[in-house]
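Engineer: Below you'll find the structure I mean.
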Amino acid sequence: MKRAAICVIAGPVGIAAYGLVRLWGKSDEVYGPGFDWQAAHLLGLAGMVFFVPAVLALSRLLPRSPWRSGVVALTLIGLAATMVQFGADIVEGLLAADRAEMSALSADFKDIPGVEVAFYDVVPQLFFLGLVVLAGMLAAKRRLPWWSAPLLLVGIVLPVVTLDLLPIGGLCMLVALAPALPAVAQQSEPTTPPIIVH
């Protein structure tokens with residue numbers, strides 16, 4: 001299987017794994033800081049990283065257009081903001097001695113002007129919005145079934161209800177994107193332009 005197809009699988013799996021480790025960490029009612037917090041957030045961050053090539057690969061199933069470029073750009077901007085959020089959570093977990101100190105560090109970071117909008121409340125949502133729109137565009141071109149975009153939306157909304165539903169949300173995202181795997185696997189890998197030495 002081509003690397004791009006693996007990334008399409010690994011992105012949602014990373015989100016589901018993040019949710020599962022989070023539930024395991026909460027089982028003793030002492031979640032963060034510590035190994036469970038770091039493991040969960042590293043898995044979530046890995047999922048976001050895998051989504052970058054996944055989004056690019058899925059977009060290549062569509063004809064080039066300003067709409068495609070715009071949706072991909074917004075999706076990647078949202079992804080970048082989400083990665084910063086995960087990175088901040090990881091750093092705060094490393095620096096804090098207990099949950100109260102970790103919450104205080106998080107509050108200090110969010111108090112920086114623009115941080116809450118850029119990395120928490122608004123910009124990260126562009127990733128999820130862009131992914132659903134991209135799935136809708138793929139469905140319109142019959143590269144995904146009609147139910148992929150609604151199922152993807154369900155997978156995104158479930159963790160908003162409660163983060164405990166993250167594993168199911170990740171699974172929904174995986175099932176929604178899975179029909180595109182054969183087409184993604186058939187893509188030729190992007191090539192690096194040759195270096196010309198004068």
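Engineer: At Leu94 and Arg64, where each label point lies 7 Å from the Cα along Cα→Cβ, what is the point-to-point distance in nanometres?
Structural biologist: Spacing of the two 7 Å Cα→Cβ label points: 4.0 nm.
Engineer: Sticking with this one: Hey, which lysines would be in cross-link range of Lys26, C-alpha to C-alpha under 28 Å, not counting anything within fewer than 8 residues on its own chain?
Structural biologist: Within reach: Lys110.
Engineer: For an R0 of 41 angstrom, estimate the FRET efficiency from the Cβ-Cβ distance between Asp164 and Ala73 and round to the nearest 0.05.
Structural biologist: Using R0 = 41 Å, I get an efficiency of 0.80.
Engineer: For Ala183 and Lys26, what is the calculated FRET efficiency with R₀ set at 41 Å and r taken between the beta-carbons, to the nearest 0.05?
Structural biologist: Efficiency computed from Cβ-Cβ geometry: 0.60.
Engineer: Can you give the calculated 222 nm mean residue ellipticity of the chain, where each DSSP H run of n ≥ 4 adds -39,500 (n - 2.57) and the sum is split over every residue, rounded to the nearest 500 deg cm²/dmol?
Structural biologist: Result for the chain, helices only: -23500 deg cm²/dmol.
Engineer: Tell me the angle of helix 166-177 to the major Cα principal axis of the chain, expressed in degrees between 0 and 90 and rounded to the nearest ten.
Structural biologist: 0
Engineer: Roughly how compact is the chain, stated as its Cα Rg over 2.2 N^0.38 Å to two decimals?
Structural biologist: Dividing the Cα Rg of the chain by 2.2 N^0.38 Å gives 1.10.
Engineer: A further question follows. Specify the angular offset, from 0 to 90 degrees and rounded to the nearest 10, of the alpha carbon long axis of helix 66-95 from the longest principal axis of the alpha carbons in the chain.
Structural biologist: Roughly 20 degrees, rounded to the nearest 10.
Engineer: On to the next question. Subtracting the Cα-Cα distance from 0.36 nm times the residue separation, let me have the gained length for Ala104 to Phe35 in nm, one decimal.
Structural biologist: Gain on extension, Ala104 to Phe35, equals 22.9 nm.
Engineer: Give the angle, between 0 and 90 degrees and rounded to the nearest 10, that separates the Cα long axis of helix 148-161 from the longest principal axis of the Cα atoms of the chain.
Structural biologist: Tilt relative to the chain: about 10 degrees.
No value in this document is a laboratory result; all are computed from the given coordinates. All values reported here derive from a predicted model rather than from experimental measurement. Don't worry about glycine lacking a Cβ; one is built from the backbone with ideal geometry, like all the others, and counts go over all protein chains shown.
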